[in-house]
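For reference, the structure is listed below as structure tokens.
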Amino acid sequence: MDAGDTARDGMPVLTTLLEIAGTRRCSQAQCSSRHGVGCEYVDRRSRGCATAWCPEHRVVLDGSILCRRHAAVVGALPARASGKLPPPPDVDSRAPSLAGWVARALDTEVRAVIAAELRIEPEEVRSAAVVLSLVGPDRRRAWERGWHAANAAGAELRVTVVVEEAADGEVAMCVDGVECARLRPPWIASRDVGPTDPRRAEFNTALTQALQARLGGAAA
Ligand SMILES: [Zn+2]
Ligand SMILES: [Zn+2]
């Protein structure tokens, strides 16, 4: 058998994957569709995802039908373009999506703190995508999203929001790789924290203040 034999005729194109009707119940709350197709995510232990999604609620990424959580994970895997993929995180890990989510929520504040510290404009602070990193002497797998900036005097700062796979209910704030805070997001500790709950803002503020305290700039 050469590779040609395995090439499938009529391989589904992107639009077909979005439209294809499965037979499973959609996992979206309050969706009554029975045209769900299973999320195709497979983790590094070869475990799959139990959810299924109708055409309206699925995400199609890189030729796969995925749930939203795993689309975020696949989208965050580094070096997708170069083909050098690290082993995908455990199917139930929320580390990549949590790191991305918290970093997005803190973006404006973190830029402001870094800019004040280096005496530059917030727009000069660069941010990167969520990437896999290895932390600690035992090289634990973690997902981080970072900001980096330098000023004309040669001072440099790298700030990261880090979530370890083995502790994916905690978010760490790090400056140049050194942790200055590690907190449990309130919406993970308690299910009754809605999108506008003030505890979300308090959590964001606590992380930003820890960063400010580490940099020694209590007053901005
Ligand atoms: Zn649905
Ligand atoms: Zn999934």
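Tabulated data
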quantity: Within segment 96-147, tally of residues that are more than 18 Å from the chain's Cα centre (by Cα) and not charged (D, E, K, R); calculated: 11
quantity: Selection count where residues are within 19 Å of ALA112 (Cβ to Cβ), assigned to a strand (DSSP E or B) and of a type outside the set (A, V, I, L, M), scope segment 137-162; calculated: 7
quantity: Subset of segment 109-134 [in contact (Cβ under 8 Å) with a residue 40 or more places away in the chain and either in a strand (DSSP E or B) or touching a Phe, Trp or Tyr at 6+ places or on another chain (Cβ under 8 Å) (or both)]; calculated: VAL110, ILE114, VAL130, VAL131, LEU132
quantity: Per-region count, segment 19-32, residues away from ligand 2 (no atom under 16 Å from the Cβ) and of a type outside the set (Gly, Ala, Ser); calculated: 4
quantity: Residue ID - surrounded by the fewest Cβ atoms within 10 Å (Cβ to Cβ), chosen from residues in segment 112-128 that are in contact with a Lys or Arg (Cβ under 7 Å, 6 or more places away or on another chain) and of a type in the set (A, V, I, L, M); calculated: ALA128
quantity: The one condition in (1) surrounded by fewer than 21 Cβ atoms within 10 Å (Cβ to Cβ); (2) at negative phi that ARG139 fails to fulfil; calculated: (2)
quantity: Counted residues, segment 144-158 - those being under 28 Å from ASP90 (Cα atoms), out of contact with any His (no Cβ under 8 Å at 6 or more places or on another chain) and modelled with pLDDT of 95 or more; calculated: 1
quantity: Scan of segment 23-80 for residues that are within 16 Å of ligand 1 (Cβ to nearest atom), surrounded by fewer than 20 Cβ atoms within 10 Å (Cβ to Cβ), in a strand (DSSP E or B) and within 16 Å of the chain's Cα centre (by Cα), ordered by number; calculated: VAL59
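The values are calculated or read from the model by the stated rules, or taken from the named source; none is laboratory data. Since the model is a prediction, treat every value here as computed from it, not as a measurement. For neighbour counting, all protein chains shown are included, and Cβ atoms are generated from backbone atoms with ideal geometry for every residue, glycine included.
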